[in-house]
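I have placed the structure first, in the form of structure tokens, so that the comments after it can refer back to it.
The values are calculated or read from the model by the stated rules, or taken from the named source; none is laboratory data. A quick note: this is a predicted structure, and the numbers were derived from the prediction, not measured. Cβ coordinates were reconstructed from backbone atoms using ideal geometry, including for glycine residues, and neighbour counts include every protein chain displayed. The accessibility values were calculated without ligands, DNA or RNA, using every heavy atom of the protein model including side chains. Shrake-Rupley method; radii C 1.70, N 1.55, O 1.52, S 1.80 Å.
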Amino acid sequence: MFKITGIPSLVFLDGNSGKTITTDGRAIVTEDPEGQQFPWAPKSTCELLQGKLVGKDGKECTFADVKGKIVGLYFSAHWCGPCRHFTPKLVETYNKLKKDGKEFEIIFCSSDRDEASFKEYFNEMPWLSLPYGDKRKTALSRKFEVSGIPTLVILDSDCNLITTGGRGAVMADADGSNFPWYPKPLNELTGNTASNVNDHPCLIWFTDGSDDEVKEAISILQPIATAKCEEWKKAGEEPLVYFFYTKDDNSDDDENLASSLRSFANLPTKNPLLILLDIPNEVLYTGDFSSEDDKKVLVEKMLSSFKAGTLKMKPLRP
């Protein structure tokens, strides 16, 4: 339930409602040993972002100056190679969106190890930043469960989360045609769309890449994914699973994510293949299309059983 991956771990619950306050109690107690913020109730994103921001040439503003725009929170650092590779691409997309008149702003949330590196790196960026060493960066990282960089979190004009997969969205849509990159219910599994695979349960339909198999997967998954995502959104819930389909994964290309995932999870080589993969809990379920005449029924059975906790998942690493 709490996705505990190591100990010691400290989870705080609301004694009245039973709802989780935070699963990161250990870090919170370390940061606030005197309990001044007790009971450590989570703040809204808007509350966390209130305060001073730094612009180019040291000019200061506040979050109130950008509220009402689509906002990107860019978690990055100069020492990070993938960050230095992604930043110029993000700059190009940002500049194009601004040129097109889009109401968009980015706030740099630095993980640089010293202020000189922060200043050197921020000098390459045309947007705003939290001041170096600002504690809001830690709070925002915790809120959006940022576990690696670069990460680009996209917020709507009311500070509601659009996606934590902004990096993949920008890489797949450099000209910003799909801005502000609301997640699609169903995606092809690629390096640019798979940011959720490591952190969330995912239902994945493997195909042989033929037009017929890909069309069949999409025709069955699209309406189910759309209906489920709308259901979860209306209920104010996080997605139970993320939906993907693959194309040809028989190549030896190191960048073929479907092929790599099949190898990682020791999946059979047959197609089509339906799996429910939960990497955070290190479990997997493989659906058997041969046992079910109606593939749509198999997908729906898997989802309902997973929600009920009755799906017989197997360890990823026996």
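Where the centroid of each part is defined by its Cα atoms, how far is the stretch 90-112 from the stretch 285-301 in Å?
Centre-to-centre distance over Cα atoms comes out at 44 Å.
How would you order 207-217, 236-246, 69-79, 15-25 from highest to lowest mean count of nearby Cβ atoms within 10 Å?
For the peptides 207-217, 236-246, 69-79, 15-25, the packing ranking is 69-79, 236-246, 207-217, 15-25.
Mind putting a number on the dipole of the chain about its Cα centre? Charges go on the C-beta only, +1 for Lys and Arg and -1 for Asp and Glu, and I need it in Debye to the nearest 20.
740
Calculate one ³J(HN,Hα) per residue across the stretch 191-200 by plugging θ = phi - 60° into the Karplus curve 6.51 cos²θ - 1.76 cosθ + 1.60, and present them in order as whole Hz with x for glycine and proline.
Residue by residue, the stretch 191-200 yields x, 7, 10, 9, 4, 8, 4, 6, 10, 9 Hz.
Could you list, by residue number, the cysteines of the chain that have no other cysteine's beta carbon within less than 4.7 Å of their beta carbon?
Here CYS61, CYS109, CYS202, CYS229 come out as lacking a disulfide-compatible partner, given the Cβ-Cβ threshold of under 4.7 Å.
Skip the ligands, DNA and RNA, and give the accessible area per residue of the chain with a 1.4 Å probe, whole Å².
Solvent-accessible surface per residue comes out at 55 Å².
Note the listed values (1) 1.52; (2) 0.98; (3) 0.96, then indicate which one is Rg/Rh (Cα atoms, Kirkwood Rh) calculated from this particular structure.
Computed from the coordinates, Rg/Rh (Cα atoms, Kirkwood Rh) corresponds to (2).
Among the listed pairs LYS43/LYS89; LYS270/LYS314; LYS19/LYS307, which are separated by more than 24 Å between their Cα atoms?
Beyond 24 Å: LYS43/LYS89.
Kindly state, as a whole number, the per residue volume in cubic angstrom of the convex hull around the alpha carbon atoms of the stretch 31-177.
About 117 Å³ per residue, rounded to a whole number.
In whole Hz and in residue order, list the ³J(HN,Hα) couplings for the stretch 103-116 that follow from phi through the Karplus curve 6.51 cos²θ - 1.76 cosθ + 1.60, θ = phi - 60°; x for Gly and Pro.
Result, ordered by residue: 7, 9, 9, 10, 10, 6, 10, 7, 10, 5, 8, 8, 5, 5 Hz.
Rounded to the nearest percent, how much of the accessible area of the chain (1.4 Å probe, protein heavy atoms only) is carbon and sulfur?
About 48 percent, which is the carbon plus sulfur part of the accessible surface.
Between the stretch 232-248 and the stretch 145-160, how far is it from one alpha carbon centroid to the other, in angstrom?
Their Cα centres are 18 Å away from one another.
Ordered by residue, what ³J(HN,Hα) values in Hz, to whole numbers, does the stretch 143-153 give under the Karplus form 6.51 cos²θ - 1.76 cosθ + 1.60, where θ = phi - 60° and Gly and Pro are x?
The phi angles translate into 4, 9, 6, 6, 10, x, 10, x, 10, 10, 9 Hz.
Please express the shape of the stretch 169-268 as an equivalent ellipsoid: the semi-axes are the square roots of 5 times the eigenvalues of the C-alpha gyration tensor, given largest first in whole angstrom.
Semi-axes from the Cα gyration tensor: 23, 17, 14 Å.
Mind checking which of LEU155, PRO42, LEU303 is farthest towards the positive end of the chain's charge dipole, using Cβ charges of +1 (Lys, Arg) and -1 (Asp, Glu) about the Cα centre?
The residue sitting farthest along the positive end of the dipole is PRO42.
Classify the stretch 193-250 as rounded, prolate or oblate, taking a ≥ b ≥ c as the square roots of the eigenvalues of its Cα gyration tensor: rounded when a/c is under 1.5, otherwise prolate if a/b is larger than b/c and oblate if not.
Cα axes put the stretch 193-250 in the oblate bin.
With a 1.4 Å probe and all protein chains kept in place, how much accessible area does LYS43 have, in Å² rounded to the nearest 10?
Here the accessible area works out near 100 Å².
Not counting ligands, DNA or RNA, and with a 1.4 Å probe, what is ARG317's accessible surface area in Å² rounded to the nearest 10?
That residue has around 140 Å² of solvent-accessible surface.
Based on DSSP H runs of at least 4 residues, each adding -39500 (n - 2.57), what is the mean residue ellipticity at 222 nm of the chain after dividing by all its residues, to the nearest 500 deg cm²/dmol?
Roughly -9500 deg cm²/dmol at 222 nm, from the helical runs in the chain.
Where the Cα atoms of the stretch 1-74 are projected onto their three principal axes, how long is each span, largest first, in whole Å?
Ordered largest first, the stretch 1-74 gives principal extents of 44, 26, 24 Å.
Would you tell me the accessible area of VAL197, worked out with a 1.4 angstrom probe on the heavy atoms of the protein chains, in Å² to the nearest 10?
Accessible area, nearest 10 Å²: 10 Å².
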